[in-house]
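Here's the structure we're looking at; comments come further down.
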Amino acid sequence: MDVVSIQWILVVGSSLILFWIAPWAKSKNDFFRGSKLEKEPGFWMLTSSLVISWLFAKSITNAANLGLSFGFVGGLAYATYYLSFLTAGIIIYGMRVQGGFVSLHHFLNSRYGRGAVILFSILISFRLLNEVWSNTMVIGSYFGDQGSSSYYWAIILFTLLTVAYTIKGGLRSSLLTDLIQMILFGILLFVILGMILPEKNGDVSAFVQTGNWTMAGGLNLLFVALIQVFSYPFHDPVLTDRAFISSPKTTLRSFIAATFIGGLCIILFSFVGIYGQMEGLEGQAPVEVGKLLGLGMQLMMNFIMITSAASTLDSTFNSFSKLVVVDLSDQKRQTISWGRRIIILIAVLGTIPVFLGAEILAATTISGTTVIGLTPIFIFWKKKAPRWSYFLSVGTGMLFGICLAIDAWPDSWIFTNGKYAELLAVNSVALLACFVGYFVPFLKNKAIPN
């Protein structure tokens, strides 16, 4: 039996098991809030769901590839994004306890009006759609070359199987299967490291000492991450939805734990790429390292991608369903049946771009730069800011994101060198401009309130 045939068995088999395990949601709280018979998710279930929902196929591929390109510095730079759990956890805790807000949409509508809610919803809708194809395309690449029939059939079947168990229980299904997938991910990662480290005499320091602590050696990306962790998490409803489904104290504890667990997982998985660097490999690190270490390792790598992609995909489906049915609809539409229909809808909408070419995918991707204008909105959530503060800040960030996307940033405004130098320059200036945009409307009142 060849590798592809075994992978099909893994995909179908694991999906059928998850379908069998997934509960059938009987109430709106079960479906949209992940409760079990009206009992909220506990610490470990929430923490595992947070972590695995961000250890998606594209993410761990990026971690390994950055390890291949920049050594340990690359893995650490990418792990820095997991500080997003910490910033979001602390800020949303304050919003719930001190502000009494029950969702980000509630906060935005109360402070900035319906227009702010609509603009925010558009931004996160693009984010969710991007999550669909970015994960399924990684899966497709393990079954055939991009554009081949086997590539497309893998994407379609994987998406359908994930939809099947997600519509059974909604967010409750996601939380339960996330816990299982997190345990499985941990086991697989342990086995992979157990195969890689002995190849280098078990010397972890040899991995940690790789890379160059220079801007061109990966620090550009690390500083970009430090800039974006105050805005990036708030345009990801997969993360923020989970910040409102358990008690504030349990949620804060889970977000703090997820910061360390998620960051550590990313660093450890970057060891795959670092190992590839030591062996002089090129290309996609997980694929090439898997091939180098034999069939067993290759299947292990592929299965870890399948589990991580499934966990993110089902969470994405649920977040889009909640966005449309709960956050943007009236009470009459807030039913489980509508939630299931919306899950099917995003599965279709998120898959269509896969068949339309790279240009369409690039044009419909929302980057971290585009939403950097959310930084002052959530850092200063206690301020009763003028409505124009929201639109000037968020609009400014969107303009900088577009500027980056169309490659319109002047070379003379890039103040470091190496890869990600332009990204760092754009984000640094964009952040400053967004703060200016946020505070300008206060000048009308002659002073900025405390």
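The values are calculated or read from the model by the stated rules, or taken from the named source; none is laboratory data. For clarity, every value in this text was computed on a predicted model and none was experimentally measured. Cβ sites come from the backbone with ideal geometry, for glycine too, and all protein chains shown count toward neighbours.
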- If you go through the stretch 196-206 one residue at a time, do you hit one that is in contact with a Phe, Trp or Tyr (Cβ under 7 Å, 6 or more places away or on another chain) and surrounded by 23 or more Cβ atoms within 10 Å (Cβ to Cβ)? no
- Filter the stretch 145-171 down to the residues that are among the small types (Gly, Ala, Ser) and either part of a helix (DSSP H, G or I) or touching a residue at least 40 places away in the same chain (Cβ under 8 Å) (or both), then identify the one that is surrounded by the fewest Cβ atoms within 10 Å (Cβ to Cβ). 149
- Query: Does residue 123 count as closer than 30 Å to residue 161 by Cα, touching a Pro at 6+ places or on another chain (Cβ under 9 Å) and in a helix (DSSP H, G or I)?
  - Reply: no
- Task: Could you list all residues from the stretch 242-260 that are under 23 Å from residue 78 (Cα atoms) and charged (D, E, K, R)?
- Result: 242, 253
- Task: Return yes or no: is residue 188 closer than 27 Å to residue 33 by Cα, in contact with a helix residue (DSSP H, G or I) (Cβ under 7 Å, 6 or more places away or on another chain) and not in a loop (DSSP other than H, G, I, E, B)?
- Result: no
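Residue by residue, here is whether (1) of a type in the set (S, T, N, Q); (2) in contact (Cβ under 8 Å) with a residue 24 or more places away in the chain; (3) assigned by TED's automatic domain parsing to the domain that holds residue 65 holds:
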{"residue": "401", "(1), (2), (3)": "no, yes, no"}
{"residue": "409", "(1), (2), (3)": "no, no, no"}
{"residue": "413", "(1), (2), (3)": "no, no, no"}
{"residue": "423", "(1), (2), (3)": "no, yes, no"}
{"residue": "427", "(1), (2), (3)": "yes, yes, no"}
{"residue": "431", "(1), (2), (3)": "no, yes, no"}
{"residue": "438", "(1), (2), (3)": "no, yes, no"}
{"residue": "443", "(1), (2), (3)": "no, no, no"}
- Message: Quick check on residue 35: is it of a type in the set (S, T, N, Q), in contact (Cβ under 8 Å) with a residue 60 or more places away in the chain and more than 30 Å from residue 387 (Cα to Cα)?
- Response: yes
- Query: Conditions: (1) of a type in the set (A, V, I, L, M, F, W, C); (2) surrounded by fewer than 15 Cβ atoms within 10 Å (Cβ to Cβ); (3) at pLDDT 90 or above; (4) touching a helix residue (DSSP H, G or I) at 6+ places or on another chain (Cβ under 7 Å). Residue 348 meets all but one. Number of the miss?
  - Reply: (4)
- Query: Are there any pairs with C-beta distances below 6 angstrom linking a residue in the stretch 292-312 that is buried (at least 19 other Cβ atoms within 10 Å of the Cβ) to a residue that is of a type in the set (Phe, Trp, Tyr) and at pLDDT below 80, with the two at least 6 apart or on different chains, and if so which?
  - Reply: 308/56; 312/56
